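Report on the structure given below.
Only the coordinates and a few stated rules stand behind these numbers; no lab work does. In this text, all values refer to a predicted model and were calculated from it rather than measured experimentally. A quick note on method: Cβ atoms are made from the backbone with ideal geometry, for glycine too, and the neighbour counts reach across all protein chains shown.
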């Protein structure tokens with residue numbers, strides 16, 4: 001169990017509780033309940049409000065508790081493999097109401113004509129009918145609680161264990177008094193007690209607010225401690241670069257930096273001068289110029305004769321970065337590339353130059369973490385799309401450093417909520433502005449009935465000597481999904497424009513085949529590239545002004561935006577055509593959102609709302625916390641307040 005859920009000093013085993021024998025202890029262990037802290041934080045999954053509702057005021061489709069008199073003899077009917085339906089009519093608040101219980105035939109003996117009955121169920125106001133879930137024999141007001149116990153014991157039995165813990169054990173964790181007063185929260189022990197033994201809706205709501213804030217606050221403190229651990233003070237970490245040489249270099253660049261680029265460069269260079277290791281996230285939308293920022297900072301490191309490295313997840317992306325850095329920084333930086341396909345002879349030369357200190361910047365894939373890759377003085381590590389690397393892979397690269405300064409880059413705009421959880425231990429720089437002259441991509445949504453129009457738009461682009469990307473979600477035909485696959489689309493485009501114009505690339509190709517196809521498109525020998533999402537990141541063709549995405553409803557907002565970001569990389573007007581016939585409201589909403597905004601940060605927030613935090617990066621890679629009560633999507637405002645308080649407390653404790 002996480003330390004934040006260890007609120008009781010004693011870690012007494014559940015086997016020490018009254019009524020817990022060997023068999024019951026085994027049942028509790030199977031539920032992940034081992035000690036008294038586990039008991040307290042095995043919170044109810046739901047509540048049944050036993051307070052009686054006047055049926056005349058009840059809301060349609062609401063689950064309610066009502067009481068009245070049984071006025072007809074209950075009728076029991078069986079159907080389909082022993083399933084049953086028990087029906088009677090009751091007088092509830094003067095309303096003749098039909099009551100139906102499914103698969104509870106034993107209640108026939110409990111529902112007695114002209115007798116009083118109290119029940120809990122779902123009310124259909126239109127039919128004046130209640131789908132009964134249970135009869136209530138305890139006539140006291142308040143709640144009954146539901147626990148996830150996998151049918152190992154009754155909720156009442158578990159409640160006895162919970163009550164014993166509250167009565168016999170001391171709690172040693174709480175929120176600071178100033179925070180409780182400021183946000184109108186109650187003591188943590190009382191909040192947990194109310195969650196298990198609620199009295200009324202208001203007290204339950206206050207209890208949930210308190211436990212949520214406690215979880216988010218404790219998690220932020222944990223991130224602060226992690227941040228502190230990463231930022232050990234040491235004069236050795238300082239990169240005392242030549243500021244005048246850097247200013248001169250920046251002035252010689254053939255373009256003017258945007259305001260956000262200047263701010264990001266200043267952030268990173270300020271980190272270089274600190275006696276604390278850099279741990280910064282640089283996030284910017286596709287095409288916002290993160291490579292320029294990174295390159296300027298690599299030059300700063302070069303001014304003291306030290307080295308930098310860029311690690312990327314794919315060979316295609318390594319090639320793109322290599323070409324981009326070489327084109328932008330020409331003779332100012334000595335740049336080399338190392339990937340899994342680098343020849344032995346070439347690798348040997350690169351490793352020799354690297355060890356001698358003759359290389360300023362090495363760009364590569366996982367090949368960089370191999371033992372034979374030895375730097376002379378590596379002082380600046382750049383990891384691109386870091387969520388696609390494992391922790392061990394990142395640490396292996398870090399161990400090669402002379403001075404530990406790490407910049408994480410991502411072209412996936414990250415919602416603020418996830419930014420301060422997943423990356424909460426980092427400093428963050430954001431590039432929102434696009435380079436001057438860039439025009440927003442015009443996005444439109446079309447059905448398959450409009451395929452002739454789409455093909456006409458592609459033809460117009462080709463007539464203007466511009467290139468086109470075409471994306472499809474699947475490689476092979478599917479009998480269960482009505483999808484246009486890559487091969488089928490390839491045939492359509494070949495028929496329309498000829499083999500000399502159209503190239504096919506997909507994820508199942510061998511790396512050399514894929515690279516060859518990409519190269520034909522990048523060098524403009526082929527003007528149409530049919531592909532799966534292998535082009536989502538890692539290819540830069542400024543001549544491309546058209547992106548066509550078939551079955552666009554099959555992709556999430558973030559992926560659609562990344563694909564759209566492959567065009568609009570010059571001063572030419574670019575277009576993104578979404579070809580889709582969505583069958584669900586959610587899919588239709590994605591199409592509408594995509595056509596309404598080109599702001600990646602706005603899209604990322606909407607994507608988070610629709611998919612939830614666990615899905616945004618993929619649960620396994622994101623390292624997102626699994627809270628008991630808090631929800632990152634719903635409680636993002638509370639998360640920001642909790643972070644603010646955690647930072648304040650940590651700074652008072654002398655944290656960095």
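Computed quantities for the displayed model
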| read-out | value |
| --- | --- |
| Additional length obtainable on full extension of the chain from residue 71 to residue 153, 0.36 nm per residue less Cα span | 26.0 nm |
| Cα gyration tensor category, rounded, prolate or oblate, for segment 235-431 with a/c compared to 1.5 | rounded |
| Order of 45, 545, 532 - criterion: other Cβ atoms within 10 Å of each residue's Cβ, fewest first | 45, 532, 545 |
| Percent RCO, i.e. relative contact order, over segment 235-431, from Cα pairs under 8 Å lying at least 6 residues apart | 31 |
| Relative contact order (percent, whole number), segment 39-190, Cα cutoff 8 Å, 6+ residue spacing | 25 |
| Distance (nanometres) between label positions extended 7 Å along Cα→Cβ at residue 402 and residue 34 | 4.6 |
| Burial order of peptide ranges 210-223, 364-377 (average beta-carbon count within 10 Å, highest first) | 210-223, 364-377 |
| Label point at residue 167 placed 7 Å out along Cα→Cβ; residues across segment 8-37 whose backbone nitrogen lies under 15 Å | 17-20 |
| Share antiparallel - DSSP beta bridges, the chain, percent rounded to 5 | 40 |
| Likely footprinting exposure, 173, 60, fewest C-beta neighbours within 10 Å first | 60, 173 |
| Global form of the chain, assessed from the alpha-carbon gyration tensor, a/c cut-off 1.5 | oblate |
| Calculated [θ] (222 nm, deg cm²/dmol) that DSSP helices of n ≥ 4 give over the chain, each run adding -39,500 (n - 2.57) | -11500 deg cm²/dmol |
| In nm, spacing of pseudo-spin labels at residue 248 and residue 341 (7 Å Cα→C-beta vector) | 4.0 |
| Separation in nanometres of the label points that stand 7 Å from Cα toward Cβ, at residue 330 and residue 160 | 8.4 |
| Nearest-ten-degree value, helix 155-168 long axis tilted from longest Cα axis of the chain | 80 |
| Ordering of 277-283, 340-346, 7-13 by packing [mean C-beta count within 10 Å, highest first] | 277-283, 7-13, 340-346 |
| Contact order relative to length of the chain, as percent, for alpha carbon pairs under 8 angstrom and 6 or more apart | 12 |
| Relative exposure of 269, 88, 576, judged by other C-beta atoms within 10 Å (fewest first) | 269, 88, 576 |
| Cα-only Debye scattering, segment 52-135: base-10 log of I(q)/I(0) at q = 0.12, 0.13, 0.16 Å⁻¹ | -0.31, -0.36, -0.54 |
| For peptides 96-105, 403-412, 75-84, sequence by mean Cβ density within 10 Å, most packed first | 403-412, 96-105, 75-84 |
| Shape category assigned to segment 442-597 from the gyration tensor of Cα positions, a/c cut at 1.5 | rounded |
| Efficiency of FRET between residue 236 and residue 444 - r from beta-carbon atoms, R0 60 angstrom, step 0.05 | 0.60 |
| Potential lengthening between residue 206 and residue 459 on full extension [0.36 nm per residue; Cα-Cα distance subtracted] | 84.9 nm |
| Gain in span if fully extended, residue 640 to residue 60, counting 0.36 nm per residue against the direct Cα distance | 205.2 nm |
